[in-house]
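Report on the following structure.
The values are calculated or read from the model by the stated rules, or taken from the named source; none is laboratory data. Bear in mind the structure is a predicted one, so any value in this text is a computation, not a measurement. Please note: Cβ atoms are built from the backbone with ideal geometry, for glycine as well, and neighbour counts cover all protein chains shown.
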Amino acid sequence: MSNKEAKKIEKSSSIKEEIEKANKKAVENMMEAEPVWVDMDLAIKVIPGMKDRMLLHAGPPVTWERASGPLKGALIGACIYEGWASTPEEAERLLRTGEVVFEPTHPHNVVGPMAGVVSPSMPVYIVYDKKFGNYAYSNMNEGIGKVLRYGAYSKEVIDRLNWMRDVLYPVLKAVIEEIKKDGKPGLEFKPLIAQALHMGDECHNRYVATTTLFLKEIAPYLVKTDLDKKMILEAYDFMARNPFTTLNLGMASAKAMTLAAHNIKYSTIVTVMTRNGTDTAIWVSGLGNEWFTAPAPVPKGVWFPGYSEKDANPDIGDSSITETAGFGGFAMAAAPAIVSWVGGSVEFAIENTKKMYQITYTKHKYFTIPYLNFQGTPTGVDIRKVVATGITPTINTGIAHKEPGVGQIGAGIVVFPIDHFKAALRRFAEVYGI
């Protein structure tokens with residue numbers, strides 16, 4: 001063996017050790033993060049880099065010309081909500097000419113379901129990771145059907161957003177202030193996820209138990225507030241009728257967890273998986289905020305009456321941050337009832353969880369699945385394992401109509417393409433000289 005060959009082997013062995021150490025640190029950080037809901041405020045006041053005449057959206061960067069129907073619809077609706085435009089045509093002109101700019105959520109430490117659009121005067125949850133000091137943000141959940149995040153922007157959609165700002169937001173802000181008066185840092189969300197996984201949720205498309213637990217936690221503080229009783233009852237009724245009330249808090253918590261794993265040199269762990277209705281994209285811990293993209297696939301699912309796959313837009317949303325953090329679709333074995341919403345079978349839900357172990361670094365310490373003898377959920381997608389096995393993350397998702405203005409038409413299952421995992425691995429080899 002030549003000196004050159006010996007040095008190459010030595011270097012390769014050294015890099016493998018560095019990757020192993022980095023990945024262990026990344027997943028440990030992800031699991032040990034402690035996300036706490038600590039406050040609420042208007043987006044422009046708290047989100048880093050948020051400006052007037054700026055909108056944030058799910059997924060990687062996209063031009064107006066390439067933007068999907070539901071994303072265009074949500075951006076149009078946000079312009080109307082903000083009062084920048086009075087008609088869809090006027091809003092489209094502002095967006096097309098750049099008078100209103102739109103940027104991805106993730107670089108701002110924000111996540112939003114589906115189109116994920118956040119505008120300056122929208123109220124947002126503020127989640128703080130008390131272990132590693134990161135902040136993450138998300139908007140409030142509107143419910144299902146004809147809603148902004150699915151691209152609808154009719155009067156009923158805008159009226160609901162106004163009500164959420166004027167009624168729901170003050171109630172929730174008063175609640176979190178009462179919780180902190182009680183000597184608590186806020187509402188710890190990680191224990192709610194862990195408990196809900198034992199109660200039939202997977203905490204992406206099923207938040208029935210999580211929302212129930214959340215309402216139980218906040219009920220005493222609702223009573224303590226000085227707000228008008230009618231206002232409190234309106235807010236409580238809205239949250240109780242919406243099983244997705246806690247989705248956005250779960251996503252912000254997942255973002256805080258993955259931030260703890262991000263920007264670790266040599267790590268091949270995925271810290272962002274997201275979609276904008278045109279492209280899917282990932283970030284890799286050891287490659288910082290570099291986007292790796294591939295075309296977004298159309299989900300296979302269960303359709304609302306009158307709709308079918310021909311009406312569906314390709315997949316959209318930041319909500320796959322839940323799978324990135326080790327729950328959601330990766331924990332479907334904990335939530336057999338999810339198949340009534342997204343399709344498939346109980347057997348598929350169990351097999352999907354088992355399959356995801358093949359492309360993840362470890363099993364979660366705190367998120368466990370009773371049916372699998374309390375094994376931890378698959379945690380820490382490793383781009384090397386994805387490329388080596390050919391298995392890609394399989395998640396569950398909502399489905400938006402491909403035309404702007406329509407809204408949700410179903411829910412289903414989607415498999416991430418492999419192209420951006422391969423591109424990320426090639427880039428990783430370039431950066432680290434492998």
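Odds and ends about this structure:
Matching residues to (1) modelled with pLDDT of 95 or more; (2) among the basic types (K, R); (3) more than 25 Å from A333 (Cβ to Cβ); (4) more than 12 Å from the chain's Cα centre (by Cα):
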{"site": "A209", "(1), (2), (3), (4)": "yes, no, no, yes"}
{"site": "F214", "(1), (2), (3), (4)": "yes, no, no, yes"}
{"site": "N248", "(1), (2), (3), (4)": "yes, no, no, no"}
{"site": "M251", "(1), (2), (3), (4)": "yes, no, no, no"}
{"site": "A254", "(1), (2), (3), (4)": "yes, no, no, no"}
{"site": "L259", "(1), (2), (3), (4)": "yes, no, yes, yes"}
{"site": "Y266", "(1), (2), (3), (4)": "yes, no, yes, yes"}
{"site": "R275", "(1), (2), (3), (4)": "yes, yes, no, no"}
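- Residues in the range 381-399 that are in a helix (DSSP H, G or I) and among the polar types (S, T, N, Q): T389 alone.
- For the range 345-362, the tally of residues that are surrounded by fewer than 20 Cβ atoms within 10 Å (Cβ to Cβ) and more than 23 Å from F421 (Cβ to Cβ) stands at 4.
- Members of the range 141-163 that are part of a helix (DSSP H, G or I), surrounded by fewer than 20 Cβ atoms within 10 Å (Cβ to Cβ) and not basic (K, R): E156, I158, D159, N162, W163
- Within the range 99-118, the only residue that satisfies the criterion of being touching a residue at least 60 places away in the same chain (Cβ under 8 Å), more than 22 Å from K402 (Cα to Cα) and in a loop (DSSP other than H, G, I, E, B) is N109.
- Residue within the range 222-242 that is in contact with a strand residue (DSSP E or B) (Cβ under 9 Å, 6 or more places away or on another chain) and either of a type outside the set (F, W, Y) or in a loop (DSSP other than H, G, I, E, B) (or both) present: no
- Some residue of the range 192-206 being in contact with a strand residue (DSSP E or B) (Cβ under 6 Å, 6 or more places away or on another chain), assigned to a helix (DSSP H, G or I) and either of a type in the set (S, T, N, Q) or surrounded by 14 or more Cβ atoms within 10 Å (Cβ to Cβ) (or both): yes
- Of residues in the range 207-237 being surrounded by 20 or more Cβ atoms within 10 Å (Cβ to Cβ) and in contact with a Gly (Cβ under 8 Å, 6 or more places away or on another chain), the one farthest from V167 (Cα to Cα): A209
- The residues of the range 170-186 that are closer than 22 Å to M122 by Cβ and either of a type in the set (S, T, Y) or in a loop (DSSP other than H, G, I, E, B) (or both) amount to a single one, G186.
- In the range 142-195, of all residues being under 17 Å from P404 (Cβ atoms) and free of Cβ contacts under 8 Å to residues at least 12 places away in the same chain, the one that is farthest from the chain's Cα centre (by Cα) corresponds to K155.
- Flag for I316 being crowded, with 24+ Cβ neighbours inside 10 Å and farther than 22 Å from V406 by Cα: no
- Among the residues listed as P417, P404, P378, the single one being within 25 Å of T268 (Cβ to Cβ), assigned to a loop (DSSP other than H, G, I, E, B) and either of a type in the set (A, V, I, L, M) or touching a residue at least 40 places away in the same chain (Cβ under 8 Å) (or both): P417
Yes or no, residue by residue, for (1) without any contact (Cβ under 8 Å) to a residue 24 or more places away in the chain; (2) touching a helix residue (DSSP H, G or I) at 6+ places or on another chain (Cβ under 8 Å); (3) hydroxyl-bearing (S, T, Y); (4) over 25 Å from M30 (Cβ atoms):
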site: P220; (1), (2), (3), (4): yes, no, no, yes
site: K224; (1), (2), (3), (4): no, yes, no, yes
site: N289; (1), (2), (3), (4): no, yes, no, no
site: F292; (1), (2), (3), (4): no, yes, no, no
site: S308; (1), (2), (3), (4): yes, no, yes, yes
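- Residues of the range 356-375 that are within 21 Å of the chain's Cα centre (by Cα) and in a helix (DSSP H, G or I): M356, Y357, I359.
- Selection within the range 318-372 - of a type in the set (D, E) and over 30 Å from P107 (Cβ atoms): E347, E351
- Any hit, the range 120-131, residues being on the phi < 0 side of the Ramachandran plot, assigned to a loop (DSSP other than H, G, I, E, B) and within 17 Å of the chain's Cα centre (by Cα): no
- Among the residues of the range 12-23, not a single one is surrounded by 19 or more Cβ atoms within 10 Å (Cβ to Cβ), in contact (Cβ under 8 Å) with a residue 24 or more places away in the chain and out of contact with any Phe, Trp or Tyr (no Cβ under 8 Å at 6 or more places or on another chain).
- The criterion of at least 3 residues that are more than 23 Å from I19 (Cβ to Cβ) is met by the following strands (runs of 3 or more DSSP E) wholly inside the range 261-343: 270-276, 292-295, 300-303.
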